[in-house]
Structures are given as structure tokens and as C-alpha cells.
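Heads up: the structure comes next, in C-alpha cells.
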């Protein structure tokens, strides 16, 4: 079974972010990067499926030179080989542009299953996997909580609203976007890190994949969240104040 996993390199979650002078993206100077967390869960699911059914796991990543670090990390965790689409200005591409690059890179591979994370930690559009599926003319499903491969079909469990789930059976090949928390993520072992140095990383350029068209969606400006302070005093006895607090936490803060 051939499984492809699309991963994205994003800034570390606890990185101090500043808006670049251009005002359309963050200042990337001095930032550290990691594999997008939802994509890490997609990779873990692919590795577990390979352990059950055999085959290989191929990682595909579009990004600049530094994305090679995340690719090597994926290989160290157990992926068999990788495809690196060299794209220096990934922030300048919209969802369709990125999906076109990934679809073009995977078309000749003809994988049985393509997995992506549900969304990226930096932009959070949640569209790349679905658009790539459409470009490849493959069936797809999103927010996947469980994957079961049965011959030429796959049965999945989708997370819905209000605690509901949906079970779908679809033919292979297919594209699935994986929900975070599906499995426990593994760490790269010392042996895995050593093996990663010898595994194949195929490098493709944007030009080799047909180039890019003008973006249909463009970020014009980004803003830092506005900081506000607010305090509220609840009147009455302890029981009355506690009831008011619970109501605020439920319906305004929405944390209960």
C-alpha cells in the first residue's frame, strides 16, 4: 500500500511573532520551525497503516530550503522517502496554488491513500487537502478520527458537531484530512535519525510542476490582536455569584 502524507513546516507554537515591515506576513527572522501539528498526526496514522498493511509512506512538502529539516524529521520518524517541492515564497501562494503543487508532485506517484492534517497552525484555512483531492479527481473526506483499510476500500469515522460522528466507506485511492489527537505521536529514535540521512528526498522545482498562476486570494494586511482588559464584580452571596460566574463562563467565554 502506497500512502502519501502532505506536511507543512510552520513556526514553533510558542515563537514570539512580529508583523513584518510589509504588513502582509510575520517577520521570519530568527524563528524556529516544526512540522505542522495536524500533519504530524496524519504522518502517525500513515505509519500505523503501513505497519498493519505493508507498503511505503511518502512525505511531500512544499516550502523553502529550511523545510528540509521537517522532511528529515518525518523520515526519522519512519517515512520511507520524501518529495520536497522547492517554493521560496509559499506565503505568497493561496490554497489553490499550494494544492496545485502538491497534486502535481503526487500525480506520477499514484498513491493509494493521501493524508493531510485538518488545517495548518499558521493560516488555518483547512482547505488544501480538499482542493488537492478535487485537482486529482479523487474522493475525499475531512475531520477524520479513525481509518480502516479493507482491500480496495477505506472506512472512516468523521467528527461532526455536538459530539456526533459519521461513518463513511469510500473507494481507494482517496484523500483524507486527519483530526489532531487521532493517535499518540511517536518520537524519532536515534536509529531513525541515522537512517533518515540515507533515505531518498526527491527535489522538484515549481517550474518543473508547471509553475504557479496568479493567486485568487491575497493577504492584504495582518494585524496583531487588540489587547483589552475587563473586570466584572458579581453581587450577592456566594451561591448567587457562583451561578452568575458559571453562566458567564458557559455563554460568553464558552469554556464550559
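The values are calculated or read from the model by the stated rules, or taken from the named source; none is laboratory data. Treat the numbers as computed from the prediction; the structure is a model and nothing was measured. In this analysis, Cβ positions are derived from the backbone assuming ideal geometry, glycine residues included, and neighbour counts consider all displayed protein chains.
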Report, ordered by the first and then the second residue, all pairs with beta carbons closer than 6 Å, sequence separation of six or more or different chains, a first member in the stretch 218-236 that is under 22 Å from residue 21 (Cβ atoms), and a second member that is part of a loop (DSSP other than H, G, I, E, B).
219/24; 221/23
Please go through (1) part of a helix (DSSP H, G or I); (2) within 30 Å of the chain's Cα centre (by Cα) for residue 214 and return the number of the only condition it doesn't satisfy.
(1)
Filter the stretch 209-244 for residues that are touching a strand residue (DSSP E or B) at 6+ places or on another chain (Cβ under 9 Å) and within 24 Å of residue 104 (Cα to Cα) and give the result.
209
So the check is Cβ under 9 Å with 6+ separation or different chains; which pairs have a first residue in the stretch 179-198 that's at positive phi and a second one that's assigned to a helix (DSSP H, G or I)?
181/41
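Residue-wise test of (1) in contact with a helix residue (DSSP H, G or I) (Cβ under 6 Å, 6 or more places away or on another chain); (2) without any contact (Cβ under 8 Å) to a residue 60 or more places away in the chain.
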position	(1), (2)
3	yes, no
11	no, no
23	no, no
29	no, yes
33	no, yes
36	no, no
Go over the candidates 104, 99 one by one and state the one that is surrounded by 14 or more Cβ atoms within 10 Å (Cβ to Cβ), over 16 Å from the mean Cα position of the chain (by Cα) and closer than 17 Å to residue 131 by Cβ.
104
Out of curiosity, is residue 52 touching a strand residue (DSSP E or B) at 6+ places or on another chain (Cβ under 8 Å), surrounded by fewer than 14 Cβ atoms within 10 Å (Cβ to Cβ), touching a residue at least 40 places away in the same chain (Cβ under 8 Å) and assigned by TED's automatic domain parsing to the domain that holds residue 190?
yes
On the basis of being crowded, with 22+ Cβ neighbours inside 10 Å and either over 13 Å from the mean Cα position of the chain (by Cα) or not assigned by TED's automatic domain parsing to the domain that holds residue 176 (or both), does residue 87 make the cut?
yes
